[in-house]
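Read through the structure below, which is laid out as structure tokens, and then see the notes.
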Amino acid sequence: MTNQERIAALIAKRDEASQAYYSGESIISDDEFDLIIEELDALGYQEESVGHGYVPEGKVLHKQRMLSLKKVFAREDIEQFVAATEARKYTIEYKYDGGAASLIYDAEGYFERAVTRGNGFYGEDITDAVRDMIRAGRVPEFIESKNMSTEVRGEIVVTHEDFERLNESELGGDYSNPRNTATGIVRRKKVTGIGDYVSFVAYGGDLPTWQLEEEGFLTSMEHLFETVTENHVENIMALIERIEVERRSLGIDTDGVVIKVADQKTRDALGDSSTAPRWAVAFKFQSEVKQTRLNAVEWRTGRTIPVAIFDPTVLAGVDVARATLHNYTFLKEMDIKIGDTIDIKRSNEVIPYVIGRHGEHGEESTEIAFPEACPTCGAPIEYKNKDIVCSVGGCD
Ligand code: IVH
């Protein structure tokens, strides 16, 4: 295959993946997508403009490509990053696990448009959803530090508290965790009211974080914003260890920390690779799986979500004794019984969940009792989508 043929094949693959992504079905992971872009770059292929290639109808091109972050997992990677960047000062903040978005403010300083990250070149218009967040007071409608057009980047997240409240409200959907809620809910057709449950954590774009904070955005500074100015590798590693435990009580899903060169001039000098800035890396936390004995299943009120009650165990540094079993259908398909050993996991989602049965059924295991009536009001129940709901309606 010649270089030209390889480039053509990669472009076709990239466009097919983009198309699939926008019809709601990912055929490759974000990392695989980035590999395609990196290979195109290595072969000397130049994008003529941001988003060159297939742009599906109804999608919006980004003003500037939204890059990914290089992922690192070990001390050696941090050593390499510090050696390659040679900065005096680094900042450490959470890597939020939601959906990245770009908010544009117009020349007068008013909110104009919002777009999801999508594939980095173009994303989905979520302006209406962000307007509802403005109504709810969760995103500023106006900024003082206006320019011709000002871009604010950040992550759309749903806090654990809002996730619970949402599931108990009539806007609750079929989302199994806060992350899926964050990426899904803003893309709904009807977004009225969702702003009361969704947050936007700003961390970049045209304005520095401290200025975003002054403009009234919720920023990463609110949660974690450590700086390291000496013994860089040592201090960064010590912070990561501390934060890995602390993040458990943040109440927002995080899947790592982002280590950034603090100074804008140094950032500009370092620039970007084809997929990620050279001035930042994401240190990803490892997820942990544990085995324990399932002792009971409780049916919570609301959308009657099954909750597993098990022998308490320490999972990723925290005592847990309960985990979500997602929904009625999941529980049925898993074929688990009371007394079985189960695998539980806590990873990016801070809320622990049951992965499935570990090994065969226990000898003395007994069937799980499914509710025959609404656990809240006693009315008959109905099976709706993947859930069990109250037939009267007021309890779901
Ligand atoms: S800075 C890449 N800071 O992580 C350009 N990104 O793989 C600089 N993310 O989609 C991004 N928390 O949405 C930055 N505190 C944080 C972040 C963060 C989450 C997301 C970002 C991007 C992904 C990178």
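The values are calculated or read from the model by the stated rules, or taken from the named source; none is laboratory data. Just so we're clear, the structure is a prediction, and the values are computed from it rather than from any experiment. Note that each Cβ is placed from the backbone with ideal geometry, even for glycine, and that neighbours are counted across all protein chains shown.
The set of residues from segment 1-45 being assigned to a helix (DSSP H, G or I) and acidic (Asp, Glu) comprises Glu5, Asp15, Glu16, Asp30, Asp31, Glu32, Asp34, Glu38, Glu39, Asp41. Filter segment 70-94 down to the residues that are at pLDDT 95 or above and in a strand (DSSP E or B), then identify the one that is farthest from Glu234 (Cα to Cα). Among those that are at pLDDT 95 or above and in a strand (DSSP E or B), it is Tyr94.
Only one residue in Ala276, Ala280 is of a type outside the set (Lys, Arg), in contact with a Leu (Cβ under 9 Å, 6 or more places away or on another chain) and crowded, with 20+ Cβ neighbours inside 10 Å, so which one is that? Step through it out loud before you land on a result.
Numbers: Ala276 fails: crowded, with 20+ Cβ neighbours inside 10 Å.
Selected residue: Ala280, the only one of Ala276, Ala280 that is of a type outside the set (Lys, Arg), in contact with a Leu (Cβ under 9 Å, 6 or more places away or on another chain) and crowded, with 20+ Cβ neighbours inside 10 Å.
Scanning segment 55-89 for residues that are within 16 Å of the ligand (Cβ to nearest atom) and closer than 18 Å to Glu244 by Cα, we see that the one that is surrounded by the most Cβ atoms within 10 Å (Cβ to Cβ) is Val72.
Would you check if Gly172 is buried (at least 17 other Cβ atoms within 10 Å of the Cβ) and under 22 Å from Ile104 (Cα atoms)? No. Scanning segment 215-237 for residues that are away from the ligand (no atom under 11 Å from the Cβ) and either of a type in the set (Ser, Thr, Tyr) or closer than 13 Å to Val152 by Cα (or both) yields Glu215, Gly216, Phe217, Leu218, Thr227, Thr229.
Kindly check whether there is at least one residue in segment 261-268 that is without any contact (Cβ under 8 Å) to a residue 24 or more places away in the chain, surrounded by 13 or more Cβ atoms within 10 Å (Cβ to Cβ), within 30 Å of Gly118 (Cβ to Cβ) and not hydrophobic (A, V, I, L, M, F, W, C).
yes
The set of residues in segment 253-300 being at pLDDT below 95, more than 10 Å from the ligand (Cβ to nearest atom) and β-branched (Val, Ile, Thr) consists of Val289, Thr292, Val297.
Within segment 77-96, residues that are in contact (Cβ under 8 Å) with a residue 60 or more places away in the chain and within 24 Å of Thr219 (Cα to Cα) reach partners that are among the basic types (Lys, Arg) and not in a helix (DSSP H, G or I) with beta carbons closer than 6 Å, at six or more positions or on different chains, in the pairs Thr91/Lys260.
Of all residues assigned to segment 146-160, at least one qualifies as being under 22 Å from Glu93 (Cβ atoms), surrounded by fewer than 22 Cβ atoms within 10 Å (Cβ to Cβ), more than 16 Å from the ligand (Cβ to nearest atom) and not polar (S, T, N, Q). Annotation note: of Leu10, Leu40, Leu35, the sole residue that is in contact with a Leu (Cβ under 9 Å, 6 or more places away or on another chain) and at pLDDT below 85 is Leu40. Among the strands (runs of 3 or more DSSP E) confined to segment 168-269, the ones with at least 3 residues that are under 30 Å from Lys146 (Cβ atoms) are located at 199-205, 254-261. Here is the figure for segment 375-396: residues that are under 17 Å from Leu331 (Cβ atoms), in a loop (DSSP other than H, G, I, E, B) and at pLDDT 75 or above total 1.
Of the residues contained in segment 303-317, one or more are found to be among the aromatic types (Phe, Trp, Tyr), away from the ligand (no atom under 16 Å from the Cβ), in contact (Cβ under 8 Å) with a residue 24 or more places away in the chain and touching a strand residue (DSSP E or B) at 6+ places or on another chain (Cβ under 7 Å).
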